[in-house]
Amino acid sequence: MIIWLHLTYKIPRKPSSPRVKVWRKLKSLGAFHLHETTWLLPKNPYTYEQFQWLTVEIKDLGGEAAMWQSHLILGFTDEELSQLFIQQINVRYVELLKQLNDQNIDLISLSKKYQRIKTIDYFKSPLELEVREKIRQRRSELK
């Protein structure tokens, strides 16, 4: 059984920069947009701490925020939600694979991008291995 963290928030519409900042942070964490202002992450020490910090930050920005944890009872299954996270992270992996196929690449930059994506690959997408192998292949080609 997976324990899920939820974050809900409201931020004043104007100025828009605080809302954009929060949205970017949620995207960078790989949070799943469940409903309007409800975002979801699987609970682990990293995600718990990040949602805590974000809750405080939202309040500091003049908004309202609440964080809680739950497990599923009805509706979605843990497997279905896990697959939604994998689909979401696969978009990033596919983009990275395309960039790795370009002729002129900055392999250091793409390797760092891979590490950031891997950090939020909470359910171990099968594409991660493909990307890792492609990076190894490109390294050997550039030597």
Fill in: Top positive-direction residue, dipole computed over the chain with Cβ charges, set Leu40, Ile11, Ser70
Ile11
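Relative to 2.2 N^0.38 Å, what does the C-alpha radius of gyration of the chain come to as a ratio? Two decimals please.
On the way: Rg = 17.4 Å, N = 143, 2.2 N^0.38 = 14.5 Å.
It is 1.20.
Please state the charge dipole magnitude for the stretch 4-70, taken about the Cα centre, from unit charges on C-beta atoms (+1 on K and R, -1 on D and E), reported in debye and rounded to the nearest 20.
With only Lys, Arg, Asp and Glu charged at Cβ, the dipole is about 280 debye.
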Discussion item. Tell me the net charge near Lys21. Cut-off is 12 Å between Cβ atoms, Lys21 excluded, with +1 for each Lys or Arg and -1 for each Asp or Glu.
Written reply: +2
Response to the item:
Once the dipole of the stretch 78-142 is set up from charges on Cβ (+1 Lys and Arg, -1 Asp and Glu), the residue from the list Gln88, Thr119, Ser109 lying farthest towards its positive end is Ser109
Worksheet item: lysines near Lys134 by alpha-carbon distance under 24 Å, same-chain residues fewer than 8 away left out - which ones?
Response: Lys98, Lys112, Lys113, Lys118, Lys124, Lys143
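Let me know the charge dipole size of the stretch 52-143 about its Cα centre in debye, to the nearest 20, where only the beta-carbon of Lys, Arg (+1) and Asp, Glu (-1) is charged.
Values: 14 positive and 14 negative charges, 130 e Å.
Taking the Cα centre of the stretch 52-143 as origin, the dipole is about 620 debye.
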Worksheet item: Where a Cα-Cα gap under 17 Å defines reach, which lysines qualify for Lys21, not counting those fewer than 8 residues away within the same chain?
Response: Lys10, Lys59
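Arranged from highest to lowest average of other beta-carbon atoms within 10 Å per residue, in what order do the peptides 81-88, 70-77 appear? Let's see the in-between values first.
Details: 81-88: 16.5, 70-77: 10.1.
Final packing ranking: 81-88, 70-77.
Relative contact order for the chain using alpha-carbon pairs under 8 Å, separation at least 6, rounded to a whole percent? Please list the in-between numbers first.
Numbers: 152 pairs, mean separation 37.7, N = 143.
Across the chain, relative contact order equals 26 percent.
Taken together, the values in this text are just the output of simple stated rules run on the coordinates, not laboratory data. Model, not experiment: these values are computed from the prediction. As a convention, Cβ positions derive from the backbone with ideal geometry for all residues, glycine included, and neighbour counts pool all protein chains shown.
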